[in-house]
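The values are calculated or read from the model by the stated rules, or taken from the named source; none is laboratory data. Values in this document were obtained by computation on a predicted structure and should not be read as measured data. Using ideal geometry, Cβ is built from the backbone for each residue, glycine included, and neighbour counts are taken over all protein chains shown.
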Amino acid sequence: MAGRFVPRTHRAALPHQAKPPVAEGPVVSEAVTREWTPPGPLDLRLVLGPLRRGPADPTFRALPDGSFWRATRTPAGPGTLRVTARDSRIEASAWGPGAQWLLDQLPVLLGGTDDPDAFRPHHRLLALSRHRRPGLRLLRTGLVLESLIPSILEQKVTTDEAYRAWRLLLRAHGTRAPGPAGPRFAALQLYVMPDARTWSLIPSWEWHRAGVDAKRSATILRAVRVARRLEEAAAMDLPEATARLELIPGIGPWTSAETLQRSNGAADAVSVGDYHLPGIVGFALAGNRNADDEEMLALLTPYAGQRHRASRLILLTGHTPPRRAPRMTPRDIAPL
């Protein structure tokens, strides 16, 4: 119904109606480069995979040549990062105002501060999973908002619905990512997510068109109003960072854990409240597909300090309970 109230004249839009300017094409800039040798095996697909929000995520691309592209908004401004593994080295190139920040943070992003040896498997399944994936490290972006907003979008909906909302909002209100000249990069269609102010100016009908209900959009609006304070959580220990995020109404244990797993590389942040995870952990470790959060946490007790890593290793085994019902049908509130 919002369309009927769109002004029919050509008068200038009011500030709350104006869309942020979106570049017609990618911003061309010079590349800066860096090489880094990780302290051990490193699988870029496993490490960077959690940053990908669906197959058409406008901020992330994994190409057949083994390169991974990431567009993000850094404290220094928008930036695009390309990383590739060459033998035991990581080659990285970056573009845009945030290029140097991205290269400076490269080792941290790729798990250079993570300690996989701190994990001690107590189940055969986890021991095998760890042995088969020596290149798994927990990434750390150092950026809270870029993980928090898509995590809020994923609350209480199917992943397909959340991925669609993320995609539509970024393409409508984000900016084209900086990068090299040429059609190959332009074809990637990479976008940098909006800054906090732009998020706050998205009108209600745009949220609705993207399929985001009022509860989730209101939570995002509350978060972006205190974006600077939330970003400080990236440098905090897990308990303090969790408390900082959960001060915002609408952000609970699941959302804070999903965020801090990525922004802080939090090895112990368990996604309590997840629809599927308790049953997967219960089935893998105790044969109980009906486990709840309390039972999941009890099963993960031997991995205190490393419970998120244990959950990741379980998920990577593919040892999940067989389906007993059809998938949940995605909703689309946009036509309502």
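With the requirement that a residue be buried (at least 16 other Cβ atoms within 10 Å of the Cβ) and either in a strand (DSSP E or B) or among the small types (G, A, S) (or both), what does segment 40-53 give you?
Of everything in segment 40-53, just one residue is buried (at least 16 other Cβ atoms within 10 Å of the Cβ) and either in a strand (DSSP E or B) or among the small types (G, A, S) (or both), namely G49.
Scan segment 261-294 residue by residue and report those that are closer than 18 Å to P150 by Cβ, in a helix (DSSP H, G or I) and touching a His at 6+ places or on another chain (Cβ under 9 Å). Steps first, answer last, please.
Initially, segment 261-294 is screened for residues closer than 18 Å to P150 by Cβ, giving 261-266, 269, 271, 273-277.
Narrowing further to those that are in a helix (DSSP H, G or I): 261-263, 277.
Hit for segment 261-294 is Q261, nothing else.
With the structure loaded, tell me whether A172 is assigned to a helix (DSSP H, G or I), among the hydrophobic types (A, V, I, L, M, F, W, C), modelled with pLDDT of 95 or more and under 16 Å from the mean Cα position of the chain (by Cα) or whether it fails that test. Walk me through it before giving the result.
Values: assigned to a helix (DSSP H, G or I): yes; among the hydrophobic types (A, V, I, L, M, F, W, C): yes; modelled with pLDDT of 95 or more: yes; under 16 Å from the mean Cα position of the chain (by Cα): no.
No.
Any residue that is in a helix (DSSP H, G or I), acidic (D, E) and crowded, with 19+ Cβ neighbours inside 10 Å - is there at least one of those in segment 295-302? Before you say what the answer is, go through the steps one by one.
The initial filter retains those residues of segment 295-302 that are in a helix (DSSP H, G or I), namely 295-299, 301-302.
Going one step further and asking which of them are acidic (D, E), we end up with 295.
Restricting the remaining residues to those that are crowded, with 19+ Cβ neighbours inside 10 Å gives none.
No, segment 295-302 contains no residue that is in a helix (DSSP H, G or I), acidic (D, E) and crowded, with 19+ Cβ neighbours inside 10 Å.
Considering G287, G250, which residue is assigned by the TED database to the domain that holds V144, small (G, A, S) and farther than 19 Å from L138 by Cβ? Spell out the reasoning first.
Details: G287 fails: assigned by the TED database to the domain that holds V144.
None of the others qualify; the one that does is G250.
Residue check: is A304 touching a residue at least 24 places away in the same chain (Cβ under 8 Å) and over 20 Å from the mean Cα position of the chain (by Cα)?
Values: touching a residue at least 24 places away in the same chain (Cβ under 8 Å): yes; over 20 Å from the mean Cα position of the chain (by Cα): yes.
For A304, the condition - touching a residue at least 24 places away in the same chain (Cβ under 8 Å) and over 20 Å from the mean Cα position of the chain (by Cα) - is met.
Quick check on my filter: what residues within segment 169-219 are surrounded by fewer than 22 Cβ atoms within 10 Å (Cβ to Cβ), in contact (Cβ under 8 Å) with a residue 12 or more places away in the chain and closer than 21 Å to F68 by Cβ?
Listed by number, the residues that qualify are R171, T175, R176, P180, A181, F185, A186, L188, Q189.
Given the conditions (1) assigned to a loop (DSSP other than H, G, I, E, B); (2) buried (at least 17 other Cβ atoms within 10 Å of the Cβ); (3) among the small types (G, A, S), and given that G66 satisfies all but one, which numbered condition is not satisfied?
For G66, the exception is condition (2).
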